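Working notes, structure below.
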Amino acid sequence: MQTYKAQCPICDGQFTLSGIELSEIVSCNECKSRLVIKSIKSDQVQLAEAPAVEEDWGQ
Ligand SMILES: [Zn+2]
């Protein structure tokens, strides 16, 4: 499975992700912020702060 490098826009922490898809919601390893995957380029993932939702995404 391919792994991707990601950087948290909230805390600037760097971590790796795998098995992800565009627009998926992930959590930062460092600050636990909810982040949405904005783009995937080769092995680099761009993240943005996820909009607050009350709905459960059913992870
Ligand atoms: Zn973070």
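Side notes on the structure shown:
- The C-beta contact set for segment 1-19 (first residue under 14 Å from SER42 (Cα atoms) and outside any strand (DSSP E or B), second residue among the small types (Gly, Ala, Ser) and more than 8 Å from the ligand (Cβ to nearest atom), distance under 9 angstrom, 6+ apart or interchain) comprises MET1/SER18; MET1/GLY19; GLN2/SER18; GLN2/GLY19.
- Qualifying positions in segment 29-51 - in contact with a Lys or Arg (Cβ under 8 Å, 6 or more places away or on another chain) and within 16 Å of the ligand (Cβ to nearest atom): VAL45, GLN46, LEU47, ALA48, GLU49, ALA50
- The set of residues in segment 43-59 being at pLDDT 95 or above and of a type in the set (S, T, N, Q) consists of GLN44, GLN46.
The values are calculated or read from the model by the stated rules, or taken from the named source; none is laboratory data. The model shown is predicted, which means the values in this text are computed figures rather than measured ones. So basically every Cβ, Gly included, is an ideal-geometry build from the backbone, and we count neighbours across all protein chains shown.
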